[in-house]
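Throughout, read-outs are computed from the coordinates displayed, never taken from laboratory work. The structure presented is a predicted model; accordingly, all values stated were derived computationally and were not measured. Here the Cβ is made from the backbone with ideal geometry for all residues, glycine too, and neighbour counts use every protein chain on show.
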Ligand code: PMP
């Protein structure tokens with residue numbers, strides 16, 4: 001035949017060459033193509049614990065973590081067992097099934113806090129499951145518009161909320177990696193309905209609401225920005241967002257797709273509790289971890305808003321694969337496996353890694369800073385932690401490619417972009433940390449020589 005070789009590629013180069021023939025850019029999600037760091041993308045064949053293995057059999061300590069879901073490490077036995085048990089019963093029905101209910105109960109339970117006064121506070125009251133974070137935020141926006149009858153959306157430069165039309169203006173993640181302002185193919189009318197303002201900027205926020213307040217349906221924010229590198233909100237900024245939106249009859253959508261159940265979700269380990277500044281999200285979006293590694297995401301919020309969704313209300317959303325029984329089973333296994341000890345381990349191991357990397361960079365005289373949101377961190381090649389996208393871009397970006405490749409050569413897989421957060425897992429043990437720290441010195445030398 002013309003396309004089918006009948007042989008699985010055994011080198012990264014061969015895999016990429018063949019991928020380029022049949023897939024645009026050789027990848028199914030742009031950052032995977034290594035465009036900003038150069039070189040041939042690594043094609044992964046398997047993962048176990050804190051490691052991933054490529055098609056050539058090379059093992060790497062993984063600091064990508066499937067971009068979030070691999071909270072317990074790769075191929076966690078409990079999660080795999082849950083997947084196996086679910087698979088045996090059929091891959092999906094497109095009908096209501098009990099696993100969906102159980103996953104929603106688990107999520108709601110984890111987002112319910114008892115305050116010091118003994119009062120119960122619910123992060124969300126209902127949850128609708130979808131298949132990707134993109135769908136979750138897209139639906140949340142439609143819901144906010146449906147609930148308020150207003151057209152406009154406010155988002156922050158450098159925040160990424162998936163790739164729906166309204167959300168790509170000045171977005172983070174791959175849009176930042178490729179250094180482009182947004183996407184072609186979005187009508188000017190649609191783009192005009194999204195107002196982009198700088199992050200952590202109280203004045204810009206006040207101004208946008210003073211000017212357009214009665215037409216704004218919602219402001220959407222990452223709970224802590226992590227798609228332009230890690231840029232946490234200033235203390236109290238999320239609360240200010242809620243207060244400002246609510247004063248104008250608009251909603252606050254907090255995107256927890258990346259942070260949720262990892263670092264800053266409104267759970268008992270959450271950023272809002274650490275900072276002592278609780279905020280009220282009307283809608284929250286989740287993904288990644290709540291699917292345990294399979295395609296699953298969700299949007300939650302107050303019942304009166306969620307009940308505006310079909311079949312109860314006028315806002316439409318649906319999905320053949322929504323609440324897929326295998327995905328809800330792996331998600332539930334993941335959440336059940338993520339107890340308090342996991343949330344103590346993650347920041348500890350992340351700090352060990354980050355401080356080792358930072359020491360090595362300092363020893364080579366490389367200007368850098370490590371920015372944090374919970375257990376997520378990223379390294380910026382600049383002296384101080386950025387507060388917004390413009391500052392995140394004002395760094396020695398050219399150092400990252402050589403740094404990334406030196407790490408890879410020494411057996412550490414980093415996110416292939418300076419604008420992505422780094423992920424650790426419960427499976428990252430001392431051995432994994434040592435391997436990262438051993439790579440830190442040659443990587444720092446490569447960054448210094450860049
Ligand atoms: N929101 C945030 C904060 C994200 O980080 C991402 C993906 N990294 C998304 C939404 C989109 O999720 P997905 O890739 O599952 O569509």
Per-residue ellipticity at 222 nm attributable to helices in the chain (runs of n ≥ 4 DSSP H, -39500 (n - 2.57) apiece, nearest 500 deg cm²/dmol) works out to -11000 deg cm²/dmol
Here the percent of antiparallel bridges among DSSP beta bridges lying wholly in the stretch 80-337, to the nearest 5, is 45
Output ordering of 287-299, 39-51 (per-residue mean of other Cβ within 10 Å, highest first) is 287-299, 39-51
Extension length gain for residue 367 and residue 114 (0.36 nm per residue less Cα distance), in nm, is 86.8 nm
So, relative contact order of the chain in percent, Cα under 8 Å, 6 or more apart, is 22
Taking the alpha-carbon centre of each part, the distance from the stretch 1-33 to the stretch 339-415 in Å is 30
Per residue, the convex hull enclosing the alpha carbons of the stretch 80-337 has a volume in Å³ of 132
Descending packing, highest mean Cβ count within 10 Å first, for 410-422, 83-95 is 410-422, 83-95
So for R0 = 56 Å, FRET eff. of residue 4-residue 246 from the Cβ-Cβ r, to 0.05, ends up at 0.45
For the residue 355, residue 384 Cβ pair and Förster radius 22 Å, calculated FRET efficiency rounded to 0.05 is 0.80
The stretch 80-337: relative contact order from alpha carbon pairs under 8 Å, six or more residues apart, as a whole percent, is 28
For the stretch 1-76, averaging the sequence separation of alpha carbon pairs under 8 Å that lie six or more residues apart and dividing by its residue count, the contact order in percent is 23
Residue span residue 304 to residue 81: 0.36 nm per residue of separation minus Cα-Cα distance leaves a gain in nm of 76.6 nm
1/(1 + (r/R0)^6) with r = Cβ-Cβ of residue 316 and residue 449, R0 = 41 Å, i.e. FRET efficiency to nearest 0.05, evaluates to 0.15
Note on the chain: C-alpha Rg/Rh, Kirkwood Rh, two decimals, gives 0.95
Expected sort for 345, 159, 246 with the fewest Cβ neighbours (10 Å cutoff) up front is 246, 345, 159
DSSP beta bridges in the chain: the antiparallel percent, rounded to 5, is 60
